[in-house]
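Working notes, structure below.
Quick note: the coordinates plus some simple rules give every number you see, no bench work behind them. Remember, predicted model here, so these are calculated numbers, not experimental data. Cβ placement follows ideal geometry from the backbone for every residue including glycine, while neighbour counts extend to all protein chains displayed.
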Amino acid sequence: MFHRIYKNVQEKQPLVHCITNYVTVNDCANMLLACGGLPIMADDIREVEDITALCNGLCLNIGTLNDRAFQSMRSAGKKANQLARPVVLDPVGAGASAFRTSAAFELLSQIDFAVIRGNSSEIKTLAQGIGTTQGVDANESDAVTVENLEDTVAWVKALSAQTGAVIVMTGAMDIVAEPGKAFVIYNGHPMMSKITGSGCMLSAVIAAFTAANSDEILLAAVSAVCAMGLCGEIAYKKTMARNGGTSAYRGELIDGMSLMTADTLQGGAKFEHR
Amino acid sequence: MFHRIYKNVQEKQPLVHCITNYVTVNDCANMLLACGGLPIMADDIREVEDITALCNGLCLNIGTLNDRAFQSMRSAGKKANQLARPVVLDPVGAGASAFRTSAAFELLSQIDFAVIRGNSSEIKTLAQGIGTTQGVDANESDAVTVENLEDTVAWVKALSAQTGAVIVMTGAMDIVAEPGKAFVIYNGHPMMSKITGSGCMLSAVIAAFTAANSDEILLAAVSAVCAMGLCGEIAYKKTMARNGGTSAYRGELIDGMSLMTADTLQGGAKFEHR
Amino acid sequence: MFHRIYKNVQEKQPLVHCITNYVTVNDCANMLLACGGLPIMADDIREVEDITALCNGLCLNIGTLNDRAFQSMRSAGKKANQLARPVVLDPVGAGASAFRTSAAFELLSQIDFAVIRGNSSEIKTLAQGIGTTQGVDANESDAVTVENLEDTVAWVKALSAQTGAVIVMTGAMDIVAEPGKAFVIYNGHPMMSKITGSGCMLSAVIAAFTAANSDEILLAAVSAVCAMGLCGEIAYKKTMARNGGTSAYRGELIDGMSLMTADTLQGGAKFEHR
């Protein structure tokens with residue numbers, strides 16, 4: 001499956017419209033290019049519909065959200081829905097402030113998302129209506145463990161049924177779920193949390209993968225998560241080999257995506273069905 | 001010529017005011033420092049005139065444009081014109097949305113630009129009033145080829161005559177033109193399009209080069225384009241030598257500019273008159 | 001002292017709320033992670049109080065200031081004061097425009113800062129009410145020298161008494177002062193001024209160090225300044241060893257912080273009391 005999904009991204013070079021935060025926007029653009037997509041960032045209400053209409057997919061990321069961008073997200077999301085282009089939501093920090101939580105819920109109520117990707121605190125906030133999010137990183141009490149995996153998969157599937165979106169919950173173990181089917185993914189490396197933007201970049205990559213594979217959203221999301229996790233593993237080895245730190249790691253992560261091949265992805269993906 | 005132009009940049013260390021997009025702003029600031037300039041970014045209407053007055057040049061870039069920044073661009077541009085400081089326009093995505101296209105034309109109508117730099121789709125949009133821009137990258141159908149070079153140089157010269165600005169149209173071949181004279185530049189590498197910001201960074205470098213050489217805008221622009229293209233070539237070799245990917249390439253591109261010398265530039269520039 | 005201060009940062013992993021400019025925001029986030037903190041960026045008025053309340057410290061940076069962010073800074077700063085969380089001010093470009101200068105003074109009048117960090121032109125602007133700031137880099141005429149060090153330390157101490165904040169004035173020699181005590185720090189390297197964001201990153205690191213050591217603000221600030229300067233020295237050696245340029249240096253600077261140890265810091269810090 002990885003070969004087909006990945007090849008579609010490379011051949012179609014999906015154009016992805018991102019309305020995203022200004023912290024990691026450059027990383028998202030470079031990671032989109034690295035994975036075979038083409039980025040365009042635009043957030044003014046007067047152009048977001050035009051830009052969405054040009055694009056194959058849309059990624060909405062609520063980090064550093066403000067009212068202006070929020071209105072633009074609603075317009076762009078509705079336009080993408082009309083045109084049947086996949087839309088990805090990254091509810092950065094949902095649960096950390098009332099503003100972000102309510103913004104996430106309002107977007108959920110007005111837009112049909114193909115995929116929602118967040119860490120365990122953010123996804124739990126969406127599932128429970130109230131969160132334990134402490135900032136933009138997941139709270140340890142929300143972590144997925146071997147002990148709670150069964151239960152976690154169950155409520156993530158339920159959230160997928162409720163929202164109509166494939167849910168991607170990332171952490172030490174990643175869960176990608178639709179109502180009747182879930183994947184647990186074991187790729188990745190803890191060093192990914194020592195740089196900013198790992199999650200944002202993954203959401204952008206998911207947007208590219210689903211934009212190029214809009215009839216197989218679940219598998220496209222699984223492929224993107226495996227690819228990103230695998231880059232995290234490869235980047236760790238390369239960084240250690242040159243005694244690098246976190247900035248070296250950030251570079252190796254993007255390099256890893258740009259040097260990825262379908263064979264590397266197929267050979268390195270570590271996942272199971274649940 | 002390259003020695004004189006380049007030496008002026010190093011000695012004058014031109015301060016360049018950028019009103020630019022938030023995707024590549026960090027790259028623009030670092031590239032400006034790398035080429036010998038000093039960056040200052042400011043976009044609030046209450047300070048842009050003060051900031052422009054401090055600076056030797058101004059760079060207006062309409063990527064991620066919004067109304068607030070647009071008003072500031074008009075004020076800053078008019079101030080720079082009053083003070084006879086060179087102003088560079090980068091019409092990112094002109095043709096991709098009605099908003100950006102009309103913003104570009106409104107800026108053109110109100111501000112005298114020293115240089116306009118864009119890819120072939122963006123420049124064609126300015127020349128024809130309507131574009132085939134697909135996102136922020138050039139549409140292939142707009143590419144300059146050996147076959148259409150003669151015709152292309154002719155209409156780019158005409159656009160220069162019409163706007164009063166030196167036109168820099170970048171792609172596999174770059175064209176730098178004033179009404180009676182054009183240069184075709186063969187420096188550069190395709191990998192420059194695999195990272196975000198190559199074009200934005202070049203526009204910023206052109207602003208620095210013209211700010212330090214305000215009586216030779218055409219040659220300053222040619223030198224900046226050759227320098228950037230040469231960095232693209234050097235970066236490619238260095239990146240391949242270490243099996244790097246696109247992030248490594250981005251770093252090598254900026255490194256290349258910071259390690260540039262007048263001799264390297266003079267020796268490596270590949271151009272012809274048209 | 002460095003062991004204790006540094007260990008507190010690593011163990012407490014302080015969450016730092018930054019309202020900062022979009023030029024260097026990604027660098028600040030990555031540097032915060034590298035030094036042991038956790039970043040969260042949020043600037044909308046409807047959420048800044050929530051976010052500040054979650055965090056251990058706050059960093060206000062007026063580069064690319066606008067009215068919206070300014071209002072948010074005031075709200076966040078007051079909230080942090082109520083909760084007794086340390087607040088750091090980075091008055092980027094104070095003196096370069098009337099807007100930034102008055103914004104800096106208005107923040108000073110309404111918020112109690114734990115630390116104010118700027119270059120010599122910015123700090124002089126705050127001390128004298130009027131500045132010689134030329135852009136975002138210090139004016140050479142404002143530089144601290146062996147000749148004016150005695151006088152400079154005196155007026156920096158006076159500014160500390162006047163504002164109630166520890167003052168950190170960075171340059172070739174850094175001065176960290178409270179009313180009755182000052183440190184002169186000799187760590188650092190001139191190449192730090194060849195990349196954007198050295199100052200912004202230091203302010204963010206100071207916010208993390210003070211957030212984790214809120215009962216020893218002066219020593220926390222000294223430790224942060226020594227750590228950053230030491231990273232600048234190490235990065236220079238590593239960059240030269242691989243014939244790198246300014247982008248390599250930027251990476252090595254962040255890597256240096258992520259690879260720092262308490263022993264390296266203790267062994268490398270170069271300072272004297274004044």
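Values as computed for the structure displayed
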read-out	value
Dipole of the protein assembly as shown, positive direction: furthest Cα of B:Ala227, A:Ala211, B:Asn61, with charges on the beta-carbon	B:Ala227
Computed [θ] at 222 nm, helices only, for the protein assembly as shown once each DSSP H run of length n ≥ 4 contributes -39500 (n - 2.57)	-16500 deg cm²/dmol
Prolate/oblate/rounded call for the range C:1-85, Cα gyration tensor, a/c under 1.5 rounded	oblate
Label distances, nm, A:Gln82 versus same residue in remaining copies, Cβ-directed 7 Å point	4.3, 4.3
Ranked packing of A:207-215, C:168-176, most packed first, by mean Cβ within 10 Å	A:207-215, C:168-176
Partner chain coverage, peptide A:99-110 - average Cβ within 10 angstrom	2
23 Å Cα cut-off, lysine pairs counted over chain B (separation 8 or more, or different chains)	13
Partner chain coverage, peptide C:13-23 - average Cβ within 10 angstrom	4
Proxy reagent accessibility, fewest Cβ within 10 Å first, across C:Lys124, C:Lys78	C:Lys78, C:Lys124
Inter-label distance for A:Asp67 and C:Gln13, nm, one decimal - labels placed 7 Å from Cα along Cα-to-Cβ	3.6
Cα gyration tensor shape of chain A, rounded if a/c is under 1.5, else prolate or oblate by comparing a/b with b/c	rounded
Residue among A:Ile185, A:Val144, A:Ala154 farthest towards the positive dipole end of the range A:121-187, charges placed on Cβ	A:Ala154
Euclidean distance between Cα centres, the range B:138-153 to the range A:1-30, Å	28
Shielding by other protein chains, B:25-35, mean Cβ within 10 Å	6
Two-site label geometry, B:Ala53 and C:Ala154: point separation in nm, points 7 Å out along Cα→Cβ	3.4
Student exercise, the protein assembly as shown dipole from Lys, Arg, Asp, Glu Cβ charges, in Debye to nearest 20	560
Gained length - A:Val146 relative to A:Ala172, 0.36 nm times residue gap less alpha-carbon distance	8.3 nm
